[in-house]
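For reference, the structure discussed in these notes is given below.
The values are calculated or read from the model by the stated rules, or taken from the named source; none is laboratory data. Only a predicted model underlies this, so the values are computations on that prediction, with no experimental measurement involved. Positions of Cβ are generated from backbone atoms using ideal geometry, with glycine treated the same way; all protein chains shown enter the neighbour counts. In case anyone asks, the SASA skips ligands and DNA or RNA and just uses the protein heavy atoms, side chains included. Shrake-Rupley method; radii C 1.70, N 1.55, O 1.52, S 1.80 Å.
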Amino acid sequence: MSIYLGVNIDHIATLRQARKTRYPSPVEAALMAETAGADSITLHLREDRRHIQDADVAILRQVLKTKMNLEMAVTEEMLAIACTTRPQDVCLVPEKREELTTEGGLDVAGQLPKMQAACARLAEAGICVSLFIDADFAQLDAAHVAGAPVVEIHTGHYADAPSDAAREIEFERIRQAVAYGRSLGLTVNAGHGLTYHNVQPIAALPGIHELNIGHAIVAQALFVGWKEAVAEMKRLMVEAAR
Ligand SMILES: CC(=O)[C@@H](O)[C@H](O)COP(=O)(O)O
Ligand SMILES: NCC(=O)COP(=O)(O)O
């Protein structure tokens, strides 16, 4: 079973934005990550531009050798940017200004006409649309009806589980969601909060396609170097998926 790694470079940009310098370069990091085994590059252009900037998106769209997975809120501003930039993939995510990081999945079921319109507009621009959702059958059904060919299951509750028992419950939810998504004909990805210590059970799930991982890789890079951090995560995933 093939498993693909999308390396999220947001927090390379977080370090740069801390002093508004030109370094570290998310562009350099993305190209090195591709050399180290990343199958795609994920970046979240947040409305508050706390890390990734519009210029990062424009440059990376020109130079990436793999593919760009542009994460964004479902807003007119972001949809217009996506249709101008035309990344290979867009992942629509919920966004709240005050959040520290993404806190959950999109409520696709509760806003189906809006999601159907966004999916159609992005597909019309030749973009492969993914919806970032919780491990929830109703949200999977809604994503399918909305016309998204791909979903990304939010693994944050699994990653942040307060106990082994709670983590097992979250893992089983994800396992069932992956299987159900596949039964609907969806491509099923996963991401958020995955680390070197919790990634392998997710990577081993039958039917999982791609894992998007960023914060843990950037953190590990401080100790082992960026390319090794990417390569090690990919090794763990491939080993688990065998
Ligand atoms: C959607 C998701 O889970 C991640 O892409 C996360 O949004 C990374 O960006 P932040 O670390 O800024 O939340
Ligand atoms: N969609 C998840 C992602 O891109 C990376 O999330 P994280 O690994 O930074 O938590």
What's the total number of residues in region 196-242 that are open to solvent by 40 Å² or more (accessible area, probe 1.4 Å), in contact (Cβ under 8 Å) with a residue 12 or more places away in the chain and β-branched (Val, Ile, Thr)? 1
If I filter region 214-227 for residues that are under 29 Å from Val74 (Cα atoms), away from ligand 1 (no atom under 16 Å from the Cβ) and either in contact with a Leu (Cβ under 9 Å, 6 or more places away or on another chain) or modelled with pLDDT of 95 or more (or both), do I get at least one hit? no
Got a number for residues in region 93-117 being open to solvent by 20 Å² or more (accessible area, probe 1.4 Å), within 16 Å of ligand 2 (Cβ to nearest atom) and among the charged types (D, E, K, R)? 3
Those residues of region 1-33 which are open to solvent by 50 Å² or more (accessible area, probe 1.4 Å) and polar (S, T, N, Q), in sequence order: Ser2, Thr14
Among Ala125, Ala117, Ala58, Ala135, which is touching a helix residue (DSSP H, G or I) at 6+ places or on another chain (Cβ under 6 Å), at pLDDT 95 or above and more than 16 Å from ligand 1 (Cβ to nearest atom)? Ala125
Just wondering, is there one or more residues in region 118-134 that are within 16 Å of ligand 2 (Cβ to nearest atom), crowded, with 17+ Cβ neighbours inside 10 Å and of a type in the set (Phe, Trp, Tyr)? yes
Give me the residue from region 34-92 that is among the charged types (D, E, K, R) and in a strand (DSSP E or B) and, out of that set, surrounded by the fewest Cβ atoms within 10 Å (Cβ to Cβ). Asp89
Condition (residue is more than 15 Å from ligand 2 (Cβ to nearest atom) and either of a type in the set (Phe, Trp, Tyr) or under 16 Å from the mean Cα position of the chain (by Cα) (or both)) applied to region 217-232: is it met by at least one residue? yes
Would you call Asp160 open to solvent by 10 Å² or more (accessible area, probe 1.4 Å), of a type in the set (Asp, Glu) and within 16 Å of ligand 1 (Cβ to nearest atom)? yes
Of the residues in region 74-99, those that are in contact with a strand residue (DSSP E or B) (Cβ under 7 Å, 6 or more places away or on another chain) and in contact (Cβ under 8 Å) with a residue 40 or more places away in the chain come to Val74, Ala82, Pro87, Gln88, Asp89, Val90, Cys91, Leu92, Val93
Screening Glu34, Glu71, Glu28 for residues that are touching a residue at least 60 places away in the same chain (Cβ under 8 Å), closer than 25 Å to Ala219 by Cα and among the charged types (D, E, K, R) leaves only Glu71
